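What follows is a short report on a single structure.
Readers should treat all values here as calculations from the given coordinates under stated rules, not as data from a laboratory. The structure displayed is predicted, hence computed values, not measured ones. Note that we place each Cβ from the backbone using ideal geometry, even for glycine, and neighbour counts take in every protein chain shown.
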Amino acid sequence: MRIEYPHRHERFGAVRIHETTQVIELDSGLDGDEEETTTQGRLVNLVPPAAVNATERRMAIVVPTKNERRKVIEGVLSGIPHDCLIVLVSASEREPIDRFEIETGLLERFCHAAERPAVAVHQDDPGLADALLHAGMGQMVDGQRVRPGKGEAMLIGMMVAAIAGKDCVGFIDADNYVPGAVHEYVKVFAAVLHLARTPYAMVRISWQSKPKIEDGRLVFNRWGRTTHVTNRFLNLLLSTYNGFGTEVIRTGNAGEHAMSLELAKRLRFAGGFAVEPYELLDLFEQFGGARPSPHPEVARSLVDVFQVETRNPHFHEDKGDHHISDMRLESVRALLSSPICPEPVRAEIGAFLASEGIDPSTLEDPIVYEPWESADLDAFRDHLSKAATFLAIPRRRPSGIVVEQPI
């Protein structure tokens, strides 16, 4: 892959937010040493296939899903590069039709045909809740069940990646209609994490377009209805602290993103749809210098946040206005609840909510989970293996011989 490497960025303490760069070439056609060239003022990195593949072997791809169509999930799985570990975390209905059984049946058939390993678990499994309790992550459990939400599914996936021995994790939404787009996203994850010069790195995908059918024709919209709102307020927060206007943040609600586990295990994660913008907020809170950092070793180092515009358009399921409204409100309330959110930004958010007919005092703060770095992963592994819905699919040869266990 040939990928533009950023030469401009904004700083917030130890956090370096890079400008959005582009994929130049999906397949560079070369497999030699990494090359760096400057063309017409653009710094371009050639990441050879061997380097991309090596990173993919160290990566788990978490696919949170809830009641997605079987063919769509199958397409997403087919787009994930072969050497990545697939981790499917489902919150799908189990009655009157057991959609999780459909998903795991599909996953098993796919993995047997593709000769690759995978892991699956249902988010509502009491056995999963028990595993989290024994791991010291009881904050994620309400009664005998894991709290519902996308952020919770991502946390589970990260812990599974850790017990599987991976050192980086990526996230792909299960409603993507284009397997080629999924493939490109993961290749970008691997290429950029390979280029990162710090163990604390994150890469977030910016879609080139989000097409929709309008008046009988295909319109390639640039921004989603939630993203432009979240980006506006995150950039305003950054501008208020730095004293200069900026639009550097373009990926406030990036569902497709990846990070090193060294960074992931130190972050606090919000539940539900607030999870993606809260990742950036938590980076600013912990490592931005506005408050004492609980991780001085990171604050003394550097956290790199890369943003990459991909070539494939992003076709996905339209879940309606209610879904968009929920995402917007959860993103905005995460900003409002942040202790580093300055008054000018609070005022702007208040004006936005008023224009939407919403009283800010009626919004509840998001649930925020403490970092899982101190979790007992051995206990998590032992008890997860006893969960009724836990499925670990090994890599098998056509002869049936198991050559790799996922965990």
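Taking other residues whose beta carbon is less than 11 angstrom from the beta carbon of ASP125, and scoring Lys, Arg as +1 and Asp, Glu as -1, yields +1. Pairs spanning more than 24 Å between alpha-carbon atoms, out of LYS71/LYS187; LYS71/LYS166; LYS71/LYS386; LYS71/LYS150: LYS71/LYS166; LYS71/LYS386.
Looking at segment 331-407, the GluC sites (Glu not before Pro) that sit in a DSSP loop and have at most 10 other Cβ atoms within 10 Å of their own Cβ are GLU364.
Taking all Cα pairs closer than 8 Å and separated by 6 or more residues, the relative contact order of segment 2-404 comes to 24 percent. Under the rule a/c < 1.5 gives rounded, and otherwise a/b versus b/c splits prolate from oblate, where does the chain land using the Cα gyration tensor? Rounded shape, in that the Cα axes give a/c under 1.5.
Scaling against 2.2 N^0.38 Å puts the C-alpha radius of gyration of segment 346-390 at 2.15. Relative to one another, the C-alpha centroids of segment 266-303 and segment 136-176 are positioned 18 Å apart. Near VAL63: Cβ cut-off under 13 Å, other residues only, Lys/Arg at +1 and Asp/Glu at -1. The net charge is -4.
For segment 1-33, the set of GluC sites (Glu not before Pro) satisfying both a DSSP loop assignment and a count of at most 10 other C-beta atoms within 10 Å is empty. Each Lys or Arg adds one and each Asp or Glu subtracts one; over the other residues with Cβ under 10 Å from the Cβ of SER239, this totals -2.
Segment 26-165: D in µm²/s via Stokes-Einstein (Kirkwood Rh, Cα pairs, 25 °C, 0.890 mPa s)?
In µm²/s, the coefficient is 143.
Could you check what % of the DSSP bridge pairs in the chain are antiparallel, to the nearest 5?
In the chain, approximately 55 percent of DSSP beta bridges are antiparallel ones.
Loop-located GluC sites (Glu not before Pro) in segment 43-137 (DSSP state other than H, G, I, E, B) with a sparse environment of at most 16 neighbouring Cβ atoms within 10 Å: GLU93, GLU115.
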